[in-house]
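Bear in mind these aren't lab numbers, they're just calculated from the coordinates by the rules spelled out. It should be emphasised that the depicted structure is a prediction, and the values quoted were computed from it without experimental measurement. Neighbour counts are summed over all protein chains in view; Cβ atoms, including those assigned to glycine, are modelled from backbone coordinates with ideal geometry.
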Amino acid sequence: MRNVDFTGTVSHATLRSEDLIPIFTTILKEYWPEKAKELQDAYSIRMGDDDDYWHLEELINALQEIAPAGYFFGAHPADYSDYGFWPIEDM
């Protein structure tokens, strides 16, 4: 596991899990491949109605763990469709 070496937007103008999950997974695979594999394996086992929601929440939590010091991962406070790594003082 290593922290991301960039900040700012990773996805903008969509809240659809089918758009967000591939983007978030790509970042996680690069910076924390073991966690990406763990989530991929768990997701492939579950096949319920809420899987996209739970998978997305788990991805967001994992990306939060690899945020650079002084940053958080999530929706920008001024634009909830803008996901990325933001300075904590923006919260």
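Observations on the structure shown:
- Less than 5 angstrom separates the built amide H of residue 71 from those of 88, all sequence-distant by 5 or more or on a different chain.
- If the chain linking residue 64 and residue 40 were pulled fully straight, counting 0.36 nm for each residue of separation and taking away their Cα-Cα distance, it would gain 6.9 nm.
- Calculated P(r) of the chain - Cα pairs past 21 Å, %: 27 percent
- Within the chain, longest stretch clear of exposed trypsin sites (Lys or Arg not before Pro) (DSSP loop, no more than 14 other Cβ within 10 Å): 47-91
- Sparsely packed loop sites in segment 1-34 (the chymotrypsin sites (Phe, Trp or Tyr not before Pro) outside DSSP H, G, I, E and B with at most 13 other Cβ atoms within 10 Å) comprise 6.
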